[in-house]
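Worksheet for the structure shown next.
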Amino acid sequence: MINLPSTTQFGKVVPKEKFYTKLSVSSAIKGMFVRYVEKIIWQNKLTADTMGVEKGENVVEIDVLEIVLKQRECPRELLDFIDKNLHHHNVFVLTYDGKSTLAVNFKEKSDDQNLARFFRTSWIDDAESLFNITGNNLDAVYESIIRSADAENIVAPPDSELVNPNDSDVIPGSTGNLEKVSIKDQIAQVKQNEKNKAQIEKLEKKLANEKQFNRQLEIRAEIKKLENCK
């Protein structure tokens, strides 16, 4: 059983055929539904009323969908398709052979088609330990779900998400003139760091093959500049 309040239980089966008979869908996506998905169950509906919290600025409802799989894999492309064609903020619990994994695309607004980052846990035996819900409003609840699925530790813990607005460095603790760094901004920074890392790797290969000393100095300067952009 998923470890969410009983007040959020919904338990409605959503026929998978609705996704590829009533929506414009490619043969590849339809094939994924047939090959990978046994059934889809809308297990939980998290709202201000069902959770006993305040409404969020961006999040008004979080829907938890259990996807019972025919095999242990499920293409991200399929989850993205489902996410983009449903309202609200969606969370996926994939289940197969007694094991579960939590997956969620972070999006700021419920109707965002730009899925900023995909988060997913490893497979575990006990679905009751998938969620670690905290927060007194739905925005905070949603962010706690993102952290629950953040197996790569991309998102900082709540108590370290404070920075001095005049300093780009993260400052531990919560005293002084500090502002909260949003998960959106943290994800944007991670993406930029990944982009910089890829560029550095290209430059290092270029440097290894460069014969001209002056050009080597220029490439090293480019690398140093990218390394400092963190």
Requested in this report: Output the qualifying pairs, or none if there are none: Cβ atoms under 8 angstrom, residues six or more apart or on different chains, first residue in the stretch 185-213 and on the phi < 0 side of the Ramachandran plot, second residue outside any helix (DSSP H, G or I) and open to solvent by 90 Å² or more (accessible area, probe 1.4 Å).
Outcome: ASN193/LYS230; ASN196/LYS230
Query raised in the report: Under the condition of being aliphatic (A, V, I, L, M) and not in a strand (DSSP E or B), which residue from the stretch 37-76 is most open to solvent (accessible area, probe 1.4 Å)?
Result: VAL60
Query raised in the report: Of ASP63, ASP112, which residue is at pLDDT below 90 and of a type outside the set (Val, Ile, Thr)?
Result: ASP112
Requested in this report: Six or more apart or on different chains, Cβ under 6 Å: which pairs go from a residue in the stretch 34-51 that's acidic (Asp, Glu) to one that's open to solvent by 20 Å² or more (accessible area, probe 1.4 Å)? Could you list them?
Outcome: GLU38/VAL68; GLU38/LYS70
Report task. Determine, yes or no, whether VAL59 is among the β-branched types (Val, Ile, Thr) and under 20 Å from LYS184 (Cβ atoms). Result -> yes
Query raised in the report: All but one of (1) of a type outside the set (Lys, Arg); (2) under 15 Å from the mean Cα position of the chain (by Cα); (3) within 23 Å of THR50 (Cβ to Cβ) hold for HIS87; which doesn't?
Result: (2)
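The values are calculated or read from the model by the stated rules, or taken from the named source; none is laboratory data. Quick caveat: nothing in here was measured; it's all calculated off a predicted structure. Reconstructed Cβ throughout: ideal geometry from the backbone, glycine too, with neighbour counts over all protein chains shown. Just so you know, the surface numbers come from the protein's heavy atoms only, side chains and all, with ligands and any DNA or RNA stripped out. Shrake-Rupley method; radii C 1.70, N 1.55, O 1.52, S 1.80 Å.
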